[in-house]
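K.L.:
Have a look at the structure that comes next, please.
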Amino acid sequence: MSADVSDVSLPQQTYTVGALLAAQRLLRISSLPDFLKIRPQQLGGELTAAEWAALEKGRVVIAGEVDPELEVILRALARPDAEVRVKLEYRERLDTRMVIVRSGRLVVVAVLCGDEITIDPYTDVTSAEQIGREVAGQIAGYLFATKDPRPVRISPTLVSATAVLSGLAGAEREQWRTGLTDAGIAADVAEVLNEMESAPMARAEVSAALCQVNAYGDSDSVVRVVDTALGAGMTSFTNDNDGQVWLRVEPYDPRVLVNLIAGCVMGVPHSGWFTHQRHDQF
């Protein structure tokens, strides 16, 4: 019998992709979050000897059955109510993908890098600030693991998202800076945006959405951190009372980043990241 959410007490665990794929087949779970880029499983049929070996080596099965607590976690990953997605990119380093999903009151953090997935379940996450601190810490550890961050030298600035799109779309990459200034964006901000778009050394992107039946809701709330030769900067979106979309461009600041990510989480429809419930069942 599956464990209840209240019974989940697994510490952080790291599994191979192969072990989780085999567990999916055994539990007849068709897929984990698309964002993790783990291929959907063909259900049905007996597990191969290699798949059983992966399960046993990965400590996924207990007496021939999938660990019941892990089953609860995998089902939460497969059918979440809400999700935060984090993509981390660094030159000459494996990309890392992270999801934070909520299913009921269970929150699961899953991080994929190479052939390993680290999974951490929580039952006490109740605020967007907690998620903001978790994600901001992951970003800092990935982007600035080998050096201290050097913020870009601009003041926090709001620019029209339409102007940014117009400046980038109307010119070749080599002319983006000119295109941005022609669109009315200050020269120093245009230079930073140009570097962030055309020559990133490392980048993090965070989005949040509500999950529907067979769908991941579109997210208008996206936070980015980009390290460039000019330094590290952050961008985020905001809407005014007239419905106009603005892009906020500012120097990297880990404390501000926590608030931006928390705002991203609460920026989903009806601020429903902690309350939304999907209706399909296993």
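K.L.:
Collect the residues in the range 219-270 that are of a type in the set (D, E, K, R) and free of Cβ contacts under 8 Å to residues at least 24 places away in the same chain, keeping them in residue-number order.
P.N.:
Asp240, Asp242, Arg255
K.L.:
Consider only pairs whose beta carbons are under 6 Å apart and that are at least six residues apart or on different chains; among these, list those whose first residue lies in the range 110-134 and is buried (at least 17 other Cβ atoms within 10 Å of the Cβ) and whose second residue is among the hydroxyl-bearing types (Ser, Thr, Tyr).
P.N.:
Filtered contacts from the range 110-134: Val111/Thr118; Ile117/Tyr15.
K.L.:
If you go through the range 266-282, how many residues are of a type in the set (A, V, I, L, M, F, W, C), in contact with a strand residue (DSSP E or B) (Cβ under 9 Å, 6 or more places away or on another chain) and modelled with pLDDT under 95?
P.N.:
Summing the residues that are of a type in the set (A, V, I, L, M, F, W, C), in contact with a strand residue (DSSP E or B) (Cβ under 9 Å, 6 or more places away or on another chain) and modelled with pLDDT under 95 in the range 266-282 gives 2.
K.L.:
Look through the range 228-262, keep the residues that are among the small types (Gly, Ala, Ser) and surrounded by 18 or more Cβ atoms within 10 Å (Cβ to Cβ), and return whichever of them is nearest to Leu158 (Cα to Cα).
P.N.:
Residue satisfying both the conditions and the ranking: Ser236.
K.L.:
From Thr178, Thr162, grab the single residue that is within 27 Å of the chain's Cα centre (by Cα) and closer than 18 Å to Glu197 by Cα.
P.N.:
None of the other options fit; the residue is Thr162.
K.L.:
Starting from residues that are assigned to a loop (DSSP other than H, G, I, E, B) and within 20 Å of Pro11 (Cβ to Cβ), keep the ones in the range 44-66 and report whichever is modelled with the lowest pLDDT.
P.N.:
Only one residue fits best here, namely Gly58.
K.L.:
Also, quick follow-up: Go through Glu205, Glu191 for me and flag whichever is farther than 18 Å from Ser160 by Cα and at pLDDT 95 or above.
P.N.:
Exactly one of Glu205, Glu191 is farther than 18 Å from Ser160 by Cα and at pLDDT 95 or above, namely Glu205.
The values are calculated or read from the model by the stated rules, or taken from the named source; none is laboratory data. As the structure is a computational prediction, the values presented were derived from the model and not from experiment. Using ideal geometry, Cβ is built from the backbone for each residue, glycine included, and neighbour counts are taken over all protein chains shown.
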